[in-house]
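Below is one structure; the comments refer to it alone.
Throughout, read-outs are computed from the coordinates displayed, never taken from laboratory work. Every value quoted in this text rests on a predicted model; they were computed, and no experiment measured them. We place every Cβ from the backbone using ideal geometry, glycine too, and count neighbours over all the protein chains shown.
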Amino acid sequence: MALIHLQQINKVYGVGDLEVHALRDVNLSINPGEYCAIVGASGSGKSTAMNLIGCLDRPTRGSYRLDGVPVNTLEADALADIRNRKIGFVFQQFHLLPQLTAVENVMLPMVYANVPKPQRRSRATKALQKVGLGNRLHNRPNQLSGGQQQRVAIARAIVNRPKLLLADEPTGALDSQTSQSIMDIFASLNRDGMTLVMVTHDEVVARQCDRVITFRDGQVLSDTPAILLQVQDHHVPQRPT
Amino acid sequence: MAFNLLENTSMAVKTLGANKLRSGLTMLGIIIGNASVIAMVAAGQAAQSYVTRQFESLGTNVLFVTPGDAQRGPTAGVSRADTLTLADAEAIAAEVLAVGAVSPEKNQRLRVTRGAAETQANVIGTTPEYVPVRQIDLAQGRFLNPVDAQSDLRMAVLGSEVAQTLFGAQDPINQGVRIDNIRFTVVGVVTPRGSSFGQNQDEAVYIPIQVMVDQITGQEVGKTSPSVQTIAVSASDATSASAAQYQITNLLRLRHGLLNREDDFTVQSQQDLLDTAASITDILVLVLAFTAGISLLVGGIGIMNIMLVSVTERTREIGLRKAIGARGSDISAQFTIEAIILAVIGGAIGTGLGIGSILVLTLATPLSAGISLSAIAISFTVSGSTGLIFGLLPARRAAQLDPIVALRS
């Protein structure tokens, strides 16, 4: 069974003459364990699709099943619980809380998940060790580099053991070397069975995924295994590393 | 609720602690509001008890007969200021059964000198009955006695300040002083009594009323008996004050021939005066509390203001919390608790300041202010609920933020 199953999804913003169709009849299935990139020009609908998949927004029409649950019918509080337990988010701007230390930031999702207090710290510490920040537990975000901050954000995203990790331009604010270290973490998480979906502009990043879904004008333009993409687009120059 | 109270409180403390200056400024309004509620209520109550004590210092069961009709305002009193006479006082003493002692008082502000030393004093012509009616004590010597009262001997009893000014450390007994340039012999000094209704009672000099009439004010034209300003009367016991009031009124109406006219005098019991004063001071307390309440309200609006700014500033934090699973209720609880914590801490500091200002008030003024537990309880409740009420709008706004928009801001 697909982990993500979008069927005839439409998203319309505004009313009347101001109506904007951000998504038109999108059908998409992503299976557990997949490693997907969503690409497309700005305004193509990729961010809207990402928000819907992340249960941050609801479709105007169509059905969305996440892990078998028809989430398009759920109320706001139920969606919050789904986001808390089944999805981990990684953002371009990291979005760490500046007043909290790394380990406290990672503990945050467990607070909303009602994890008993004694467990939180040990689980958060383990998650940080997993992303290679076991020695930065008590640093605040402003004492960490961009790459380190993003690794804290990844630890926060995986600490509730979600089925799905959503990353929105996770390397957009990082230099290429740091980007690669983040991609390595994603790859290793995927090897451990995590389903990953990321929105990206970066060709180099997209090519490291197994599957690339391209959006244009609110629709899925192409949906290709990355290995084929490389063959098709051989004219695209490789980014220097 | 997925998010418990303890969690939220420690989170709020951490957040507020991270921005100490702003938290402090936010609390300022509540601090001032709370301090003023406590201080103002205490000041009001102090004024109330001060006034009450003033009346009680007049002596219990005391009635005051004054010329004129007090109900018709001061001009009515002034125009008939000589309607009460020494003969009225003697009649009250002789004919009213419910009366204990009667003290007629005729006073005038005069210059009192001894050699080069001089002072202005309220010179009161009275009788020996002044002591039981007005309940005064002698520090030295004696008060006027019946012999002084009958004869035209120029004897004087000094108030404590007059004695201090004219004699300093010397013993004034049997020494001479000049009142309005007439020589008197000092026979006693009264213990300090403080002031009553703005009148410093220690600036008084007591002389026999007959001497006052014969040698100072002089006989009044067309009067068979000299006029007096006050006749202070003590009822024979606590239960007969109203009977005495009634009997004195009847007697004086008869004596003044007021068959079809209104009273040209007023008989007021201490209770009447107390009631009047209480109704005034009650309003005073109310006005003070109301004023202070307004500053508390302004403090609450201050909290709301800053909390709204804080919601705007922390849009990204709110978006992030929602993305990782916070419900709207979690977010609103977080902001509400922050507001309540600010209000309660501000309330506590304000209460401290209020108590401090009460102590200052007690030291600096004759008012002795009590620290009212009820005022503290009320202002804590009010500041807590101020935080709650004025925290609601910002919290609601935070809870309703769209996480997508919030994350992109």
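Here the label points at A:M1 and B:T224, each 7 Å from Cα along the C-beta direction, are separated by 12.0 nm in the simple model. Taken residue by residue and averaged, Cβ atoms of other chains lying within 10 Å of the Cβ of B:306-312 number 0.
From the cross-link list A:K117/B:K14; A:K46/A:K126; A:K130/B:K20, which pairs have alpha carbons spaced over 24 Å apart? Beyond 24 Å: A:K46/A:K126; A:K130/B:K20. The string of couplings for the range A:89-104 from the Karplus curve (6.51, -1.76, 1.60, θ = phi - 60°) is 10, 10, 10, 4, 8, 6, 6, 8, 7, x, 7, 10, 6, 4, 5, 5 Hz, one whole number per residue in order, with x for Gly and Pro. Of the peptides B:319-332, A:10-23, the ranking by mean beta-carbon count within 10 Å, highest at the top, reads B:319-332, A:10-23. Site pair A:N139 and B:A18 shows an inter-label distance of 1.8 nm when each label is modelled 7 Å from Cα along Cα→Cβ. The mean number of partner chain beta-carbon atoms within 10 angstrom of a residue's beta-carbon across peptide B:315-321 is 4. Close amide H contacts of A:Q219 (hydrogens built in the peptide plane, cut-off under 5 Å, sequence separation of 5 or more or a different chain): A:R24.
Only DSSP H runs of four or more residues enter the estimate; each adds -39500 (n - 2.57), and after division by the residues of chain B the mean residue ellipticity at 222 nm equals -18500 deg cm²/dmol. For chain A, the spread of Cα positions along the three principal axes, ordered from largest to smallest, is 50, 47, 36 Å. Here B:L363 and A:R161 are evaluated by their C-beta separation; at R0 = 56 Å the FRET efficiency comes out at 0.30. Kirkwood Rh, Cα Rg: Rg to Rh for chain B? Reported Rg/Rh (Cα atoms, Kirkwood Rh): 1.25. Largest first and in whole Å, the equivalent-ellipsoid semi-axes of the range B:84-263 read 31, 18, 14, each the square root of five times a Cα gyration tensor eigenvalue. Computed from phi, the 3J(HN,Hα) profile of the range A:68-73 under the Karplus parametrisation 6.51, -1.76, 1.60 (θ = phi - 60°) reads x, 8, x, 6, 5, 9 Hz, with x in place of Gly and Pro.
Excluding the site residues themselves, the longest part of chain B lacking any GluC sites (Glu not before Pro) in a DSSP loop with at most 14 other Cβ atoms within 10 Å is B:1-219. Label zone of B:I301 (point 7 Å out along Cα→Cβ, amide N under 17 Å): in the range B:309-345 this covers B:309. Amide H to amide H distances under 5 Å link B:F265 with B:G68, where only residues 5 or more positions off or on other chains count and H is placed in the peptide plane. Normalised size of the protein assembly as shown, defined as Cα radius of gyration per 2.2 N^0.38 Å with N residues, equals 1.72. The distance between label points at B:I182 and A:N114 comes to 9.6 nm (points 7 Å beyond Cα on the Cα→Cβ vector). On the beta carbon distance between B:A238 and B:E262, with R0 = 35 Å, the FRET formula returns roughly 0.75. The phi torsions of the range B:209-224, fed into the Karplus equation with coefficients 6.51, -1.76 and 1.60 and a -60° offset, translate into couplings of 5, 5, 5, 4, 6, 6, 10, 10, 7, x, 5, 8, 5, x, 10, 7 Hz, rounded to whole numbers, with Gly and Pro shown as x. At a Förster radius of 45 Å, what calculated FRET efficiency corresponds to the Cβ-Cβ distance of B:R109 and B:L393, to the nearest 0.05? That gives a FRET efficiency of 0.10.
A straight Cα-to-Cα reach below 22 Å connects B:K106 with the lysines B:K223, residues fewer than 8 places away in its own chain not being considered. Scanning chain B for DSSP H helices at least 15 Å long along the axis (C-alpha atoms) with a Kyte-Doolittle mean no lower than -0.5 picks out B:5-18, B:20-57, B:241-255, B:270-313, B:328-364, B:373-399.
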